[in-house]
Structures are given as structure tokens and as C-alpha cells.
Amino acid sequence: MSESGPDTREELVQHLEQLTGRTLRTRADIQAYVQEAAARKASDQPSVRRWLRAKKATLLALLSFGVIQYYVLDVMLEITSMRGNTYFVPVKTSPLVKSALSTAG
């Protein structure tokens, strides 16, 4: 903060002329420039538009990742909370053979 700004009105106008690249001779010139600067929006600049697009794309990607992650977690939770099912399948059994010798006789 060692550098100080313009001290007088003339220095301020000269500084403004250096920044804008215009010659500001009268109050009307300065007022016209201030109104023109106030009318401009930051989103009109191409670099700002690129950053806004990048921000929206990032937010959209994060939102979709969050939705997918929520869905997968919900499905996994549903799978783990399912009850186990035991199925009994009827099978026709043959007579029990205790030994090969008992069938040979």
C-alpha cells in the first residue's frame, strides 16, 4: 500500500484517461464514460462467458455424479436389507441302499 492514488482532480482525470485510452476534456465526457461503463455487464466479455460455461458444466457434472451415487447407494442398501429366502424343493428319493451286498442277493 505504499503507492497512493491521484491526489488532485487533474491527476484523477489523467489517470482515468490512461486507463481508458480516451481523452476526457469535459464533465460531459467523463459522465458519458461513467454511464457507458455502468451499462456494461461483466457477462458481456468473452472470457467471463467461458468461465460461466465452465462453472455450469462443472455443476451439472457434479449434480449428475451425486444423483448416480445416490441411486447406486440406494440400490445397494435395498439389496442388503432384503430377507433371505429358503426354498424347499421336493425330490423323489430312491430307496435307501445301505450296502452293495444287500442288493446282490
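Observations on the model:
- Any hit, region 51-63, residues being within 30 Å of Leu16 (Cα to Cα) and within 47 Å of the chain's Cα centre (by Cα): yes
- Looking only at region 1-30, and only at residues there that are surrounded by 13 or more Cβ atoms within 10 Å (Cβ to Cβ) and assigned to a loop (DSSP other than H, G, I, E, B), the one that is nearest to the chain's Cα centre (by Cα): Arg22
Computed from the coordinates by the stated procedures, all read-outs in this text should not be read as laboratory data. None of the values given here were measured: they were computed from a predicted structure. All Cβ positions, glycine included, derive from the backbone under ideal geometry; neighbour counts span all protein chains shown.
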